[in-house]
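The values are calculated or read from the model by the stated rules, or taken from the named source; none is laboratory data. Nothing here was measured: the structure is a model prediction, and the numbers come from that model. Don't worry about glycine lacking a Cβ; one is built from the backbone with ideal geometry, like all the others, and counts go over all protein chains shown. All accessible areas refer to the heavy atoms of the entire protein, side chains included, with ligands and DNA or RNA removed. Shrake-Rupley method; radii C 1.70, N 1.55, O 1.52, S 1.80 Å.
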Amino acid sequence: MAGGQAASLVLQDGTSFQGRVFGAPVSFSGEVVFQTGMVGYPEALTDPSYCGQVLVLTYPLVGNYGVADTTQLDQYGLIKWMESNRVWAGGLVVGEVCDQPSHWASIKTLNEWLLAEGVPGIQGIDTRSLTKKIREHGSMLGKIVVEGGEDPPLTDPNTLNLVNTVSIKEPRVYNPEGDVRIMAVDCGLKYNQLRCLVKRKARVTVVPWDHPLDPTQYDGLFLSNGPGDPQMCSTTVEHLRLVMASSTTKPIFGICLGHQLLSVAAGCSTYKMKYGNRGHNQPCMHEGSRRCFITSQNHGYAVDAASIPHDWAPLFINKNDNSNEGIVHRTLPFFSVQFHPETPAGPEDLESLFDIFLDQARQSSRGITRENWDLPSVITNHLTYKPFADVPQADIGRLPNKVLILGSGGLSIGQAGEFDYSGSQAIKAMKEEGVESVLMNPKHSNSSNKQRPCR
């Protein structure tokens, strides 16, 4: 891809970043957002939640493992390596794009893929400076302008019903032999959410975002992620209100935009965040167990925690900005999370939330009814840390009381001596379990500091 036409990233305040185009040499206008994940560009680019946006990847080198076969299907009939059947991001901004990727599954470069998809990328941008500007100013509109090409006007995608653009047009069934019926409302559904349902033996009917919802047609209702402002999906919200008020109670589980839609239907309000949370490293604490989990996220809107009605409870909270990350009904089987528990290219520590949802749906399919489902307690019990839970009781007394931890050694960043974060955290974890530990931490040598013995 050597060379490349000159191109600019122009922000709404007039700031211009100069670079070179890769992918399709076309201009694009939308909302400029940044994502902090170190990996996962194929999944991010094919995530429908990025529709209408110019995606900035903060990791300095992008494309180093290439792009896998975008036609290869998995056992469920879904494209194996992607989150949808096309690139949804309108443009990509990176510091440096790799022209010679190395990965066993790679069949094309990122440049070749974006060119075939008709999506522009721009490299040579100081993404650190750009991200700092967005963090300080807040979300900004912007455009990629290729030299000698069209100079489009700034466009705010949040004024459009993006969900109608990305949603399926006709219902489709996956795993028809499944033992529990799940209706999935497609507001921008990611393939791995489907995988998490069908690999757990569910029969999934994916329906358009505005499809009527009849509780007699499913055992559980799933609300997917999607792009844009949740207030643009008033039809979905009205359908949810009818379902939640129905005398027939069926479990509901929402993710990301699905969380916001369920919350609005419950009576909550939403707001646009300053710059959103997008990446694979967002810490979220579960309110019941007080455990903190690292999560993957992609959203620019959030639910106002102060607006949660009394018959609902907050489920998770973001420990970076204290924004709401989930709600749960106190007596009915309705819950949702803002983060992505299913995400590949990010942590999957909370994928078991699908197990909770499907367990509730299977109870529904068997005609089990209750006056109080007490889902908050069910989730808390599921997520509460139980040390040695998988170890037979007879073996607990024979567990070792002392362990050897092999540390990572010194770090060269800023010549920071022998600081070893992973080793120190391992010691802390062992101490909390009452296990004595010995850390063997090799110190790296350099020209001015010879190797010292481990200690």
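For the list (1) part of a strand (DSSP E or B); (2) of a type outside the set (Lys, Arg); (3) open to solvent by 20 Å² or more (accessible area, probe 1.4 Å); (4) in contact with a Pro (Cβ under 8 Å, 6 or more places away or on another chain), I need the number of the one condition that residue 313 fails.
Going through the list (1) part of a strand (DSSP E or B); (2) of a type outside the set (Lys, Arg); (3) open to solvent by 20 Å² or more (accessible area, probe 1.4 Å); (4) in contact with a Pro (Cβ under 8 Å, 6 or more places away or on another chain), residue 313 breaks only (3).
Do you know which of the residues in region 149-158 that are more than 23 Å from the chain's Cα centre (by Cα) and open to solvent by 50 Å² or more (accessible area, probe 1.4 Å) is nearest to residue 89 (Cα to Cα)?
Within region 149-158, the match that is nearest to residue 89 (Cα to Cα) is 155.
I'm checking my understanding of the structure. Among residues of region 23-32 that are open to solvent by 40 Å² or more (accessible area, probe 1.4 Å) and part of a loop (DSSP other than H, G, I, E, B), which one is farthest from residue 158 (Cα to Cα)?
Looking at residues that are open to solvent by 40 Å² or more (accessible area, probe 1.4 Å) and part of a loop (DSSP other than H, G, I, E, B), I get 25.
What are the residue pairs meeting all of these: first residue in region 286-298, first residue under 23 Å from residue 224 (Cα atoms), second residue small (Gly, Ala, Ser) and crowded, with 19+ Cβ neighbours inside 10 Å, Cβ atoms under 7 Å, and 6 or more apart or on different chains?
Within 7 Å, the pairs are 296/346; 297/279; 298/49.
Regarding region 170-183, can at least one residue be identified that is crowded, with 20+ Cβ neighbours inside 10 Å, in contact (Cβ under 8 Å) with a residue 60 or more places away in the chain and within 22 Å of residue 88 (Cβ to Cβ)?
No.
Report every pair of residues separated by at least 6 positions or lying on different chains whose Cβ atoms are under 6 Å apart, first residue within region 354-380 and open to solvent by 30 Å² or more (accessible area, probe 1.4 Å), second charged (D, E, K, R).
Pairs found: 365/219.
For region 215-224, which positions are more than 14 Å from residue 237 (Cα to Cα) and part of a loop (DSSP other than H, G, I, E, B)?
218, 219
Of the residues that make up region 33-56, is at least one in a strand (DSSP E or B) and either of a type in the set (Asp, Glu) or without any contact (Cβ under 8 Å) to a residue 12 or more places away in the chain (or both)?
no
Only one residue in 228, 254, 267, 258 is crowded, with 24+ Cβ neighbours inside 10 Å and on the phi > 0 side of the Ramachandran plot, so which one is that?
Just a single option satisfies the conditions, and that option is 228.
Give me the residue from region 196-225 that is open to solvent by less than 40 Å² (accessible area, probe 1.4 Å) and touching a Ser or Thr at 6+ places or on another chain (Cβ under 6 Å) and, out of that set, nearest to residue 178 (Cα to Cα).
219
With the condition kept exactly as written, say whether any residue in region 121-128 is within 30 Å of residue 196 (Cα to Cα), surrounded by fewer than 22 Cβ atoms within 10 Å (Cβ to Cβ) and of a type in the set (Gly, Ala, Ser).
Looking for residues that are within 30 Å of residue 196 (Cα to Cα), surrounded by fewer than 22 Cβ atoms within 10 Å (Cβ to Cβ) and of a type in the set (Gly, Ala, Ser), one finds none in region 121-128, hence no.
Would you mind stating whether residue 63 is in contact with a Cys (Cβ under 6 Å, 6 or more places away or on another chain), open to solvent by less than 10 Å² (accessible area, probe 1.4 Å) and not charged (D, E, K, R)?
Yes, satisfied.
Please go through region 219-240 and pick out each residue that is under 26 Å from residue 366 (Cβ atoms), in contact (Cβ under 8 Å) with a residue 60 or more places away in the chain and of a type outside the set (Gly, Ala, Ser).
219, 222, 223
Of the residues 243, 206, which single one is β-branched (Val, Ile, Thr), in a helix (DSSP H, G or I) and touching a residue at least 12 places away in the same chain (Cβ under 8 Å)?
Matching residue, one of 243, 206: 243.
If residue 201 satisfies every condition in (1) basic (Lys, Arg); (2) under 20 Å from residue 336 (Cα atoms); (3) in contact with an Asp or Glu (Cβ under 7 Å, 6 or more places away or on another chain) but one, which is the exception?
The one condition residue 201 does not meet is (2).
Out of all the residues in region 318-335, is one or more over 25 Å from residue 82 (Cβ atoms), of a type in the set (A, V, I, L, M, F, W, C), touching a residue at least 24 places away in the same chain (Cβ under 8 Å) and open to solvent by 10 Å² or more (accessible area, probe 1.4 Å)?
Looking through region 318-335, at least one residue is over 25 Å from residue 82 (Cβ atoms), of a type in the set (A, V, I, L, M, F, W, C), touching a residue at least 24 places away in the same chain (Cβ under 8 Å) and open to solvent by 10 Å² or more (accessible area, probe 1.4 Å).
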